[in-house]
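Trainee: Next up is a structure, given as structure tokens.
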Amino acid sequence: MADQHAAPASRSGSSAVPALRWEDLPEGPVIVLLDQRRLPVDETELICTDVPALIEAIRGLAVRGAPLLGIAGAYGLALAAVRGFDVEEAAERLAHARPTAVNLAYGVRRALAAHRVALRSGAGPEKAAEAALAEARALHREDAEASADMAAHGLTLLQELLPGGGYRILTHCNTGSLVSGGEGTAFAVARAAHRAGELRRLWVDETRPLLQGARLTAYEAGRAGMPYTLLTDSAAGSLFSAGEVDAVLIGADRIAADGSVANKVGSYPLAVLARYHHVPFVVVAPTTTVDLGTQEGAAIEVEQRPGHEVTELPTTADATGTTASVPVAPVGAQAYNPAFDVTPPELVTAIVTENGVLSPVTEAGLAELCDRSRSGNGMMSI
Ligand SMILES: CSC[C@H]1O[C@H](OP(=O)(O)O)[C@H](O)[C@@H]1O
């Protein structure tokens, strides 16, 4: 069950945008989400009291972005355990709420593993639920730390690639604190450049059809005081052609073992443009986004979303979160709406993780980079 209410006034004005938190209310624990469907117009909280409500929020992108989906999945598993729901069923349903971002299943599995270990060691349901919640909190904390480390590594990379500062960075979709326990991934690097006085311009792709760039990245960049300019996705080519882009910084939803990168649809064309115009194309993602169990890009499941997201524009969102919309295509028009595309490793200049930078992108290098951080946090199957 989910209900919504206006966000506390304290949120407006601060640059920190808490996208998700666990809250112990008198009537029981809940997961509180900043409803990203309503941004930038309304800062509205969505209160999830059970797993179905959280799954609906994930599928509707009220909560989104690979690292945050992992955090949400882990808290969702803990919520099931604390509220006495069937934990194994909750894990299965949460892990498959959206297919492409590997972080979601990873977060669910981390909390599930903690729950299972506690039960096997003789703990009762309450202690096992506490163990799952502790693992979710640990993942949340780790992601915030990873975000800070990626920002530092990414800024150093920009300084090496583009000596002298004054970067004009193009980014796609939204990769800020709305997708993270910290300041995000690619956006966190741009923000670090801004803090260092080295960001001349952040070019923000609007990112059709759900407009994560126009609605969310512009919102975060404005709150952070960053110099940004919004553009239609189709205008990016003319910026490259005019020599106005010094580097592309994007996030990722799943990185295969060969270094193929699944990310918001529109990323692959940017990689091709960047290569043609000799501009660095940099992917910023925590190692929780790397899936060594998926060998190559062709094996990554790309989420296909409903056609109405292309043929209609949401105009308003009422208190229940349902949105009115206006058609932008003839009634009955068919639409192709993949949520992601896949960029081959040879078009990626570098992958920035919390453990450092990989360039060029090689399978062996990626495995080594992940091995440094994953000791003890191996994947498991449900
Ligand atoms: C840094 S992960 C953010 C990643 O997630 C977005 O997808 P969605 O908005 O559908 O969750 C997009 O691919 C971003 O790069």
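Trainee: Of 336, 167, 268, which has the most accessible area with a 1.4 Å probe, and how do the rest follow in descending order?
Mentor: So, going from the largest accessible area down, we get 336, 268, 167.
Trainee: Whole angstrom only: what separates the Cα centroid of the range 152-207 from the Cα centroid of the range 32-99?
Mentor: With the range 152-207 and the range 32-99 each reduced to a Cα centre, they are spaced 27 Å.
Trainee: Turning to a different aspect of this structure: Counting only the heavy atoms of the protein chains, how much of residue 349 is accessible to a 1.4 Å probe, in Å² to the nearest 10?
Mentor: Accessible surface of residue 349 is approximately 40 Å².
Trainee: Using only the alpha carbon atoms of the range 4-143, find the Kirkwood hydrodynamic radius as the inverse mean reciprocal pair distance, in angstroms to one decimal.
Mentor: 15.0 Å
Trainee: Need one number: nm distance between label points at residue 148 and residue 275, each 7 Å from Cα along Cα→Cβ, rounded to one decimal.
Mentor: 3.7 nm
Trainee: Tell me the carbon and sulfur percent of the accessible area for the chain, rounded to whole percent, probe radius 1.4 Å.
Mentor: 55 percent
Trainee: Give me, ordered by chain and number, the residues 5 or more places off residue 307 or on other chains with an amide H under 5 Å from its own placed amide H.
Mentor: HN-HN under 5 Å from residue 307: empty list.
Trainee: If the only charges are +1 at each Lys and Arg Cβ and -1 at each Asp and Glu Cβ, what is the size of the charge dipole of the chain around the Cα centre, to the nearest 20 debye?
Mentor: Charge dipole of the chain: 420 debye, to the nearest 20.
Trainee: Taking θ as phi - 60°, what are the ³J(HN,Hα) couplings along the range 94-109 by the Karplus curve (6.51, -1.76, 1.60), each to the nearest whole Hz, with x for Gly and Pro?
Mentor: Residue by residue, the range 94-109 yields 5, 4, 10, 5, 9, x, 8, 6, 5, 4, 4, 5, 5, x, 4, 5 Hz.
Trainee: Could you list the residues of the range 351-369 with an amide nitrogen less than 16 Å from a label point located 7 Å from the Cα of residue 160 in the Cα-to-C-beta direction?
Mentor: What the label zone holds, given the 16 Å backbone N cut-off, is 351-362, 365-366, 369.
Trainee: Grab the alpha carbons of the chain, take their convex hull, and tell me the volume per residue in Å³.
Mentor: Roughly 130 Å³ of hull volume per residue.
Trainee: Once the whole set of protein chains is in place, how much accessible area is left on residue 121, using a 1.4 Å probe, in Å² to the nearest 10?
Mentor: Roll a 1.4 Å probe over it and residue 121 shows about 90 Å².
Trainee: Calculate one ³J(HN,Hα) per residue across the range 66-81 by plugging θ = phi - 60° into the Karplus curve 6.51 cos²θ - 1.76 cosθ + 1.60, and present them in order as whole Hz with x for glycine and proline.
Mentor: 3, x, 5, 5, x, 5, 4, x, 5, 5, x, 5, 5, 4, 4, 5
Trainee: Hey, can you grab everything whose amide H is under 5 Å from the amide H of residue 20? Only 5+ residues off in sequence or another chain; H modelled, so Pro and N-termini drop out.
Mentor: Counting only residues 5 or more places away or on other chains, the set is 34.
Trainee: I need to check one value: relative contact order of the range 4-143, counting alpha carbon pairs closer than 8 Å and at least 6 residues apart, in percent.
Mentor: Relative contact order of the range 4-143: 20 percent.
Trainee: Along the positive direction of the dipole of the chain (beta-carbon charges: Lys, Arg +1; Asp, Glu -1; about the Cα centre), which of 65, 274, 94 reaches farthest?
Mentor: Toward the positive end, the furthest listed residue is 274.
Trainee: What percent do you get for the relative contact order of the range 148-371 when only Cα pairs under 8 Å and 6+ apart count?
Mentor: Over the range 148-371, the number comes to 21 percent.
Trainee: Hey, another quick one. Across bins of 5 angstrom width beginning at 0, how are the C-alpha pair distances of the range 237-378 distributed, in whole percent?
Mentor: For the range 237-378, the binned pair fractions read 2, 10, 16, 17, 14, 13, 11, 9, 6, 2, 0 percent.
Trainee: If I stretch the segment between residue 231 and residue 41 completely, what's the gain in nm (0.36 nm per residue apart, minus their alpha carbon distance), one decimal?
Mentor: Gain on stretching residue 231 to residue 41: 66.5 nm.
Trainee: Sum -39500 (n - 2.57) across every DSSP H segment of at least 4 residues in the chain, then divide by the residue count to get the 222 nm mean residue ellipticity, nearest 500.
Mentor: -11500 deg cm²/dmol
Trainee: Still on this model: Between residue 25 and residue 303, what FRET efficiency follows from the Cβ-Cβ distance if R0 is 30 Å, with the result rounded to 0.05?
Mentor: Efficiency at R0 = 30 Å is approximately 0.40.
Trainee: Could I ask something else about it? Based solely on C-alpha atoms, express the radius of gyration and the Dmax of the range 80-186 in angstrom.
Mentor: Reported Rg and Dmax, both Å: 18.4, 59.
Trainee: While we're looking at this one, here's another question. Hey, can you find the accessible area per residue of the chain for me, probe 1.4 Å, expressed in square angstrom?
Mentor: Spelled out: the 1.4 Å probe surface of the chain, per residue, equals 40 Å².
Trainee: Put 64, 141 in order of accessible area, largest first, 1.4 Å probe: what do you get?
Mentor: If we order 64, 141 from most to least accessible, we get 141, 64.
Trainee: Quick one: what are the phi-derived ³J(HN,Hα) couplings along the range 267-278, Karplus 6.51/-1.76/1.60 with θ = phi - 60°, whole Hz, x for glycine and proline?
Mentor: Values, residue by residue: 6, 4, x, 5, 5, 5, 4, 4, 5, 5, 9, 6 Hz.
Trainee: 5 Å is the cut-off here: which amide hydrogens, built 1.01 Å from N in the peptide plane, fall below it relative to residue 183, excluding neighbours closer than 5 in sequence?
Mentor: For residue 183, whose amide H was placed from the backbone, the distant partners under 5 Å are 148.
Trainee: With all protein chains present and a 1.4 Å probe, how do 85, 240 order by accessible area, largest first?
Mentor: 85, 240
The values are calculated or read from the model by the stated rules, or taken from the named source; none is laboratory data. Just so it is clear, the structure is predicted and the values come from calculations on it, not from any experiment. Cβ coordinates were reconstructed from backbone atoms using ideal geometry, including for glycine residues, and neighbour counts include every protein chain displayed. These area figures cover heavy atoms from the full protein model, side chains too; ligands, DNA and RNA do not enter into them. Shrake-Rupley method; radii C 1.70, N 1.55, O 1.52, S 1.80 Å.
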